[in-house]
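Derivation of every value follows stated rules applied to the coordinates shown; laboratory data play no part. Keep in mind that this is a model prediction, so the values were computed, not measured. Ideal geometry is used to build each Cβ from the backbone, glycine not excepted, and the neighbour counts take in all protein chains shown.
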Amino acid sequence: MKHLIVVRGGGDIATGTIHRLHNAGYHVLVLEDKYPSAIRREVAFSEAAYDGVKIVERVTCRLAPTVHEVGKILKSGEVAMLVDPEADAIQNFRHEAVVDAILAKKNIGTTKNMADLTIALGPGFCAGRDVDWVIETMRGHNLGRIIREGFAMKNTGVPGIISGYGAERVIHAPAAGRMENRRSISTMVHKNEVIAQIYGNDGQISDVKASLDGILRGIIRDGYEVTRGLKIADIDPRPVANHCFTISDKARCIAGSVLELIAGHERGMWK
């Protein structure tokens, strides 16, 4: 299929890129894990892996049960998804580019020979060796910068500052077990309020408490089996519930750089 872009990963940052490429007229195939662990689920196409379909800002992503159904979905004007964490299906399609948007902070199998143009988001990749280009994902002056040679900034483990809050915005699992959510995305929560509980295999129940006052911008899917220390929730100190349902400024900035590379490559500008 002409103008097909393959994107590995469908989380909230990846969704910004997928959304922009789709609206720019490209066909997009998303390759996802069987059980994605997105936090900002309302703006993550990865949810289609569970529900069969996910709509983000008027763009629909639909899960294809087989490789043979992908073309039908794309021709209908929707984004297609395959459960294919190893990217084995790539060989079945004629595609222009592969974008690794998994944001695993390491390379889990993307190589330059996957397409004429390969792009990776964030740390863990060397531009010019692992892939053709790397895009900076760290908030700050260089966010969205296109890297021709070398690496993006190393992961600090500390999220960007919003309204004076950084590390406090992100909540990690205090124990391993099955999540049971007590609050929904977009609800107002208060510091030390129980927003979820984790039911461990040993019978212990651990409370997950809000780290600050704000809007619950994201929380991992109810029933997900989490490991201790896994990122499971995100609180936005700004009292704007609509932020939970719209693609972030960070995701849109990165998406613009991906689109710039792909469009420029088609015209022979990026060499």
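Points worth noting:
- Taking the C-alpha atoms only, the angle from helix 12-23 to the longest principal axis of the chain is near 40 degrees.
- Compactness of the chain is given as radius of gyration and Dmax, 18.5, 60 Å, from Cα positions.
- Rounded to 10°, Cα long-axis angle of helix 249-266 versus longest principal axis of the chain: 10 degrees
- Between N192, G10, G124, the Cα set farthest toward the positive side of the dipole of the chain (charges on each charged residue's Cβ, about the Cα centre) is that of G124.
- Candidate lysines - alpha carbon under 16 Å from K105, same-chain residues fewer than 8 apart omitted: K154, K231
- Mean Cβ neighbour count within 10 Å, used as a protection proxy, ranking 118-127, 174-183 highest first: 118-127, 174-183
- Rel. contact order, % - alpha carbon contacts under 8 angstrom, at least six apart, segment 167-237: 43 percent
- Over segment 167-237, equivalent-ellipsoid semi-axes from the Cα gyration tensor in Å: 19, 11, 10
- Distance between the modelled labels on D88 and E225, one decimal in nanometres: 2.1 nm (7 Å Cα→Cβ projection).
- Residue-count net charge about Y50 - beta-carbon cut-off 12 Å; Lys, Arg +1, Asp, Glu -1: -1
- Simple point charges give the picture: +1 on the Cβ of Lys and Arg, -1 on the Cβ of Asp and Glu, and for segment 62-181 a dipole about the Cα centre of about 260 debye.
- Partner lysines whose Cα lies under 20 Å from the Cα of K72, excluding those fewer than 8 positions away in the same chain, are identified as K2, K54.
- Relative contact order %, the chain, counting alpha carbon pairs below 8 Å whose residues are six or more apart: 19 percent
- Alpha carbon centroid spacing (whole Å) that separates segment 40-107 from segment 167-229: 27 Å
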